[in-house]
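Taking it in order: structure first as structure tokens, then the write-up.
The values are calculated or read from the model by the stated rules, or taken from the named source; none is laboratory data. It should be emphasised that the depicted structure is a prediction, and the values quoted were computed from it without experimental measurement. Cβ placement follows ideal geometry from the backbone for every residue including glycine, while neighbour counts extend to all protein chains displayed. Calculation scope for accessible area: heavy atoms of the full protein, side chains included, ligands and nucleic acids excluded. Shrake-Rupley method; radii C 1.70, N 1.55, O 1.52, S 1.80 Å.
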Amino acid sequence: MNANPLTLFWEGFTVEPYAQIAPQVLLIRLRPGEDCHPCCSGCQQHCTAVHDTTIRRVRERDLFQYRVWLEVPVRRVRCVTCGPKLEQIRWLSGRQRLTAGMVSWVESLVRLMPVQHVARLLGLNWHTVKAIDHHRLAREVVEPDRSQIRRLIMDEFALFKGHRYATVVINADTQQVLWVGEGNSRQAIRPFFEWLGPEACAQIEAVAMDMNTAMDLEVQHHCAQARVVYDLFHVVAKFGREVIDRVRVDQSNQLRHDKPARKVVKRSRWLLLRNRDNLKAEQAVKLEELLQANQPLMTVYLLKDQLKELWYAPSEAEARRRWEEWLELAMSSGLAPVQQFARRFKGYVEGIIASATYRMNTSVLEGMNNKIKVIKRMAYGYRDNDYFFLKIKAAFPGKAR
Ligand SMILES: [Zn+2]
């Protein structure tokens, strides 16, 4: 039995008497183990000749209430193959100022809490913590298999404060995030297609995206075969913003003289825009009362439900029929915001009809917006897009088909 449990931890070295260098800080001095020859970091050969030795101070994991620093004599060996070379220490890589154990401790913690919390908890600089996490992500994020990609989803999201955007490309079949890049213009997404390469581009069948972007032009340019599909999530959100919300505001203005009714309409935004299936029983009752009392709101609400049906058509012919029916209802609704939306929507209708052939599960987009918010919070304080984008990729590794 070994009298000193600390000798368990640092392979190739033995432990000398420690020193307490501050109230909560221990310094543990190591000495090269007697029958361990150092290993050349170039070729992994054991070497007997030592060129020189430098003492390095590195952080180890905490021990009980103490921060632990190690003093490690690191040798440069005189390798017969490589010449003078740093020795290889399994638990301390390269010029790292933290032991491998400490690094993997940081990696575990930073999965669970924001970078700045980990930094504070361990008494490390937050750049150090972020760099470790960045490294881990680069190691763990799997390069997608380009030959398997057939259907894509493209979307944009806001970067940290300000009006800059980034674009994300997702494999619709596996829900893996394939690519994230700054900007949302045609030029901004070009690097994605360059990465994808002409062979994989030629195999793309369909690309789902929001209306009102220039991305469709870029898709068509690289993937001649691909059909552009406008996804339900974005169109319904747009209908909510541009039609339902507009009508709600108009209605509440018209109710100027009926204060209680006005208040109900004015405060109904959330109720109207929320997916009906996500409402609690009492909220559903409230919604029903509101719609019964207000004909224009009832009309736009029903039009929203019917609009969704376009995406569930069993064939393109049926989708077209549903669209024409919807258009007629919209135009005869007598509501200007509805008519305006319908007129503009006409130009995009082929992209919705195509969804009858190319069913795409775009529900990933809803989850993504929430996850991005969490990631922003976890990486608070950084404006490092590389790191941010890697985190998004890591959060959506995709699933096997
Ligand atoms: Zn060597």
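Tabulated values for the structure
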| quantity | calculated |
| --- | --- |
| Carbon + sulfur, % of accessible area of the range 232-356 - ligands and nucleic acids excluded, 1.4 Å | 51 |
| Solvent-accessible area of Arg246 with every protein chain in place, 1.4 Å probe, in Å² to the nearest 10 | 110 |
| The range 159-199 - Rg over Rh from alpha carbon coordinates, Kirkwood radius | 1.03 |
| Computed E for His37/Arg190 - FRET, C-beta separation, R0 51 angstrom, nearest 0.05 | 0.40 |
| Surface accessible to a 1.4 Å probe, Ser268 within the full protein complex, Å² | 0 |
| Kirkwood hydrodynamic radius (C-alpha pairs) into Stokes-Einstein, the range 105-258, 10 °C and 1.306 mPa s, D in µm²/s | 85 |
| Whole-number D in µm²/s for the range 1-96 (Stokes-Einstein; Kirkwood sum over Cα pairs; 10 °C, 1.306 mPa s) | 112 |
| DSSP bridge pairs, the chain: antiparallel proportion in percent, nearest 5 | 75 |
| Heavy atoms of Ile375: accessible area, 1.4 Å probe, square angstrom to 10 | 20 |
| Heavy-atom accessible area per residue - the chain, 1.4 Å, Å² | 54 |
| The range 182-188 - phi-based ³J(HN,Hα) in whole Hz, Karplus 6.51/-1.76/1.60, Gly and Pro as x | 6, x, 9, 8, 4, 4, 5 |
| Helix 295-308 axis, angle to the chain major axis (alpha carbon atoms, nearest 10°) | 60 |
| Two-decimal Rg to Rh for the chain - Kirkwood Rh, Cα set | 1.16 |
| Helix-only CD estimate at 222 nm, as mean residue ellipticity for the chain, using -39500 (n - 2.57) per DSSP H run (n ≥ 4) | -13500 deg cm²/dmol |
| Max mean-square fluctuation residue, GNM over the chain, Cα-Cα springs under 10 Å, options Leu232, Leu287, Leu365 | Leu287 |
| Angle between the chain longest axis and helix 281-293 axis [Cα atoms, degrees, rounded to 10] | 30 |
| Relative contact order (%) - criterion: Cα under 8 Å, at least six apart; region: the chain | 13 |
| Degrees separating the helix 126-140 axis from the principal Cα axis of the chain, which is the longest one | 80 |
